[in-house]
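S.K.: This is the structure I have questions about; it appears just below.
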Amino acid sequence: MKHWKVIIFLLAVGQLSVGPACAESLLVDDFEGAVNKLGGRSNTYVMEPSRALAVRSKENPHGGSGLLMIKYDKKAKGGPYDSGGWCGYYTMVKTGPRYLDATGYQKITFWVRGAAGGENFVVGLSDRHWEEVGDSVKSEPIGKYLPGGKLTTEWQKATVPLSTFMLDIKELASVAVCFEGSLFPDGNGQGTIYIDDLMLE
Amino acid sequence: MKGFKSARLFVLFLMVTGYLSLTAAFAAQLVVDDFEGSETKNKLGNRANVFIKAPSKAMVSIREEAVGSGQKSHVLMVRYEKKKAGGPFDSGGWCGYYTLLKSPPALVAPTADDPNPKPAEEQYLDASGYKALTFMVRGEKGDENFVIGLSDRHWDKVGDSVKSQEIGKYLPAGKLTTQWQKATIPLDEFFIDYAQLAGISVVFDGDLFPDPGHAGTIYIDDLIME
């Protein structure tokens, strides 16, 4: 009889540890498959004359066997409002009509490096409201969230607190990498960055 | 005959004065938004949203509240966190809310002669018949502050707006409180072209707050041109 009590106790403890462990981190994408780990769509977004290309590659990932390469060419002039258009990359964290409840998480993390070092971008995050608008709330330049203070050619772990964004964390729609003109000295910016292991922690 | 002519003139007079008063009635008020619909589109069918530059933050939501008469209606909630350091020029970024008075450019149907026509121009709002911008407002705690921005075609192209004085100047109590008050801002506070208005904004300017910034929540209803 005592045996059963011990087993029930162990089962209960096991069950309890599974709950928080599940909420501790959520792998959004390790870039090893064709879609992200949540089954959401990912792609570049572009408005001419700016351009971007995103490729899932197997060349020198941070971990596992895949990484994401994003090549960008942000222009300063031309396009709507003569602002040079826009470009970036997004990945949907909402699955079908269901938004992601991220209340159990504190931050977005990912590994990142530049091809030359000195590249720049901001992270965009959208909830139901911003998805309706077709835009996202932007972080500060990525350097603020890196141990080195800027992108280099070495892998660094970016940690962006969710509190950076004033959003409804219960209804997240997407995460984006945005090459905004204000990040570059004369509004023009070209470069290549590599990203791996995009997570919510 | 003379009496008939006088009667016709009198009828004509009534029609003219009636017409004039009718047009005046149309021009007397324009509801820009009563927040009964979507939080991203105003009553004119134009876009509305927050504007943000990190590290400052803002968000909007529609809430139900009793305003004025006591009957419940939907109101706009604007939550803000204005920082005074970080971001561009280490000024803390910026944040606020805008609602567009200008209509987006209409698409033009392609023809054989012009298979790729350019969209028609944006339509700015002719507000020359109005004297003031009014709305109902209250704060969550009463220590909130903001200014109103108004833009015409010129300021729209620049991507900025002309700012009013602090909101308290336009409120009966002289400041925001937790009670609803009607803000009345004369349009002549803004030195812009009223015949071509582009947008109205609620701006949480850094100058309004002490270091290191301020966080707060305000509620707005019935944004009207009168």
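S.K.: If we only count strands (runs of 3 or more DSSP E) wholly inside the stretch A:93-189, which ones have 1 or more residues that are within 14 Å of chain B (Cβ to nearest Cβ) and among the acidic types (Asp, Glu)?
M.R.: A:122-127
S.K.: Within the stretch B:167-181, restricting attention to residues that are outside any loop (DSSP other than H, G, I, E, B) and not hydroxyl-bearing (Ser, Thr, Tyr), which residue is farthest from residue B:70 (Cα to Cα)?
M.R.: Top of the filtered list is B:169.
S.K.: Which residue is farthest from residue B:95 (Cα to Cα), if the candidates are limited to the stretch B:197-214 and must be buried (at least 18 other Cβ atoms within 10 Å of the Cβ) and of a type in the set (A, V, I, L, M, F, W, C)?
M.R.: Here the answer is B:197.
S.K.: Here's a follow-up. Output the number of the condition that residue B:70 fails; it satisfies all remaining conditions of (1) touching a Leu at 6+ places or on another chain (Cβ under 6 Å); (2) more than 10 Å from chain A (Cβ to nearest Cβ).
M.R.: Result: residue B:70 fails condition (1) only.
S.K.: Of all residues in the stretch A:129-162, how many are touching a residue at least 24 places away in the same chain (Cβ under 8 Å), surrounded by fewer than 20 Cβ atoms within 10 Å (Cβ to Cβ), over 25 Å from residue A:69 (Cβ atoms) and not aliphatic (A, V, I, L, M)?
M.R.: The total comes to 2.
S.K.: Could you tell me how many of the residues in the stretch A:138-194 are closer than 29 Å to residue A:78 by Cα and aliphatic (A, V, I, L, M)?
M.R.: Counting residues in the stretch A:138-194 that are closer than 29 Å to residue A:78 by Cα and aliphatic (A, V, I, L, M) gives 7.
S.K.: Residue by residue through the stretch B:58-117, note down the ones that are touching a helix residue (DSSP H, G or I) at 6+ places or on another chain (Cβ under 6 Å) and closer than 16 Å to residue B:138 by Cα.
M.R.: None; the set is empty.
S.K.: So residue B:90 ticks every box in (1) closer than 30 Å to residue A:144 by Cα; (2) touching a residue at least 12 places away in the same chain (Cβ under 8 Å); (3) of a type in the set (D, E, K, R) but one. Which box is left unticked?
M.R.: In the conditions (1) closer than 30 Å to residue A:144 by Cα; (2) touching a residue at least 12 places away in the same chain (Cβ under 8 Å); (3) of a type in the set (D, E, K, R), residue B:90 misses (2) alone.
S.K.: For residues that are in contact with a Lys or Arg (Cβ under 7 Å, 6 or more places away or on another chain) and more than 9 Å from every other protein chain (Cβ to nearest Cβ), scanning just the stretch B:57-67, find the one that is surrounded by the fewest Cβ atoms within 10 Å (Cβ to Cβ).
M.R.: B:64
To keep it simple, each residue is scored yes or no on (1) within 16 Å of the chain's Cα centre (by Cα); (2) of a type in the set (Gly, Ala, Ser).
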| position | (1), (2) |
| --- | --- |
| B:84 | no, no |
| B:99 | yes, no |
| B:110 | no, no |
| B:124 | yes, no |
| B:127 | yes, yes |
| B:133 | yes, no |
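S.K.: Just to check your reading of the model, which residue among B:114, B:143 is more than 15 Å from the chain's Cα centre (by Cα) and in contact (Cβ under 8 Å) with a residue 24 or more places away in the chain?
M.R.: The match here is B:143.
Here, each number is a calculation from the coordinates, and none is a lab measurement. Predicted model only: the values in this text are computed from it and were never measured. Cβ: placed from backbone, ideal geometry, glycine included. Neighbour counts: every protein chain shown.
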